[in-house]
Amino acid sequence: MTPFQVLELEGDADERDIKRAYARLLRQHRPNEDPAGFQRIHEAYQTCLEIVRWNAEHGHADADGE
C-alpha cells in the first residue's frame, strides 16, 4: 500500500489535499486511542508531503513522476 493509498488519495494529490486527508484521518486515529493507526497515517503524511515537494522542485506533475 502506498502512502497516498493510506491517506485515501490519488497519486496526483497536492499538498492541500494531503493536509486535508491527514486532518480527516486524525479524527479516526487519535494518538492516545490508536497509536499504531496514528503512526501509520503520520508516516504516510510525511512521505506524501516529501514526494509532492520533491516533484514540485524537480518539475514532475504527480507522485508517479509523469
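Throughout, read-outs are computed from the coordinates displayed, never taken from laboratory work. Since the structure is predicted, the reported quantities are computational estimates derived from the model, not experimental observations. Quick reminder, even Gly has a Cβ in these numbers, built from the backbone with ideal geometry, and neighbours come from all protein chains shown.
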Sort the following peptides by mean Cβ neighbour count (other Cβ atoms within 10 Å, averaged over residues), highest first: 47-60, 2-15. 2-15, 47-60
Beyond 16 Å, how much of the Cα-Cα pair distribution for the chain remains, as a whole percent? 41
With Cα coordinates, the longest principal axis of the chain makes an angle with the long axis of helix 15-26, in degrees rounded to 10, of 10
Taking only C-alpha pairs under 8 Å that are 6+ residues apart, what is the relative contact order of the chain in percent? 39
Report, to the nearest 10°, how far helix 35-58 tilts away from the longest principal axis of the Cα atoms in the chain, using its own Cα long axis and a range of 0 to 90°. 10
For Gly11, distant residues with modelled amide H under 5 Å away: none
The answer for the net charge of residues other than Met1 whose Cβ lies under 15 angstrom from its Cβ, with Lys and Arg +1 and Asp and Glu -1, is -2
Charge context of Pro31, other residues only, Cβ under 14 angstrom, K/R +1, D/E -1: 0
